[in-house]
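Trainee: My structure is below; once you've seen it, I'll send some questions.
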Amino acid sequence: MEKEVQEQYEYARRRIRQKKILYFHFVLFLIGSLFLFVANRFFGFGAGTNQNWCIWGITIWFFLFILHFIKVYITDRFMNKKWEREQIDRLVSLQQKRISQLESKINEDTQK
């Protein structure tokens, strides 16, 4: 029982750490985006280009943030150790069922 409690504690600690890093990434994204925008508009960085380079940078960074968000709140939430165990148990039971079917077929063939 104590091992299960320890696993639950470690899982909760890992999830909190993931969320904390995600929130930090979000704050960093906001501050960095603001910095890029201000540098482009008011300080003239990239003035020689015809394109808004800061918009491209912010868009790419936002896409990376969305990937991070999906990993934390969707992928890791559902595909954890419990999900792995369930999938392994399901596959093992399917293999055992198939083996028993093959054994019964072999027994039928040898009896004929």
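Trainee: Going toward the positive end of the dipole of the chain, with +1 on Lys and Arg Cβ and -1 on Asp and Glu Cβ, which of 31, 60, 44 do you reach last?
Mentor: Looking along the dipole axis, the top candidate is 44.
Trainee: Starting from 0.36 nm per residue, how many nanometres of slack lie between residue 27 and residue 59 once their C-alpha separation is accounted for?
Mentor: Length gained, residue 27 through residue 59: 10.0 nm.
Trainee: Taking chymotrypsin sites (Phe, Trp or Tyr not before Pro) that fall in a DSSP loop and have at most 12 other Cβ atoms within 10 Å as cut points, what is the longest piece of the chain between them?
Mentor: 44-112
Trainee: A further question follows. Probe 1.4 Å, all protein chains in place: accessible area of residue 14 in Å², nearest 10?
Mentor: In the full protein context, residue 14 sits at about 120 Å².
Trainee: Ok, one more. May I ask you to compute the full-extension gain from residue 9 to residue 82, defined as 0.36 nm times their residue separation minus their alpha-carbon distance, rounded to one decimal in nm?
Mentor: 24.9 nm
Trainee: Could I ask something else about it? Please state the shape class of the chain: rounded when a/c is under 1.5, otherwise prolate if a/b exceeds b/c and oblate if not, all from the C-alpha gyration tensor.
Mentor: It comes out oblate by the Cα gyration axes.
Trainee: Okay, next question. Using a 1.4 angstrom probe on heavy atoms only, work out the carbon and sulfur share of the accessible area of the range 1-106 in %.
Mentor: It is 67 percent, rounded to a whole number.
Trainee: Once label points are set 7 Å from the Cα along Cα→Cβ at both residue 16 and residue 90, what is their separation, rounded to one decimal in nm?
Mentor: Here the answer is 3.1 nm between the modelled labels.
Trainee: Right, another one. With every protein chain kept in place and ligands, DNA and RNA left out, what is the accessible area per residue of the chain? Probe 1.4 Å, answer in Å².
Mentor: Dividing the accessible area of the chain by its residue count gives 88 Å².
Trainee: Right, here's the next one. Number of Lys pairs in the chain with C-alpha atoms less than 22 angstrom apart, excluding same-chain neighbours closer than eight positions?
Mentor: Qualifying lysine pairs in the chain: 10.
Trainee: Moving on to the next point. Among 18, 95, 87, which one shows the biggest mean-square fluctuation in a GNM of the chain, springs joining Cα atoms closer than 10 Å?
Mentor: Sorting by GNM fluctuation, first place goes to 95.
Trainee: Could you tell me the relative contact order of the chain? Use alpha-carbon pairs under 8 Å, at least six residues apart, and round to a whole percent.
Mentor: 24
The values are calculated or read from the model by the stated rules, or taken from the named source; none is laboratory data. On a predicted model such as this, the values are computed, not experimentally measured, just so you know. So basically every Cβ, Gly included, is an ideal-geometry build from the backbone, and we count neighbours across all protein chains shown. Note: accessible area is taken over every heavy atom of the protein model, side chains too, but ligands, DNA and RNA are not part of it. Shrake-Rupley method; radii C 1.70, N 1.55, O 1.52, S 1.80 Å.
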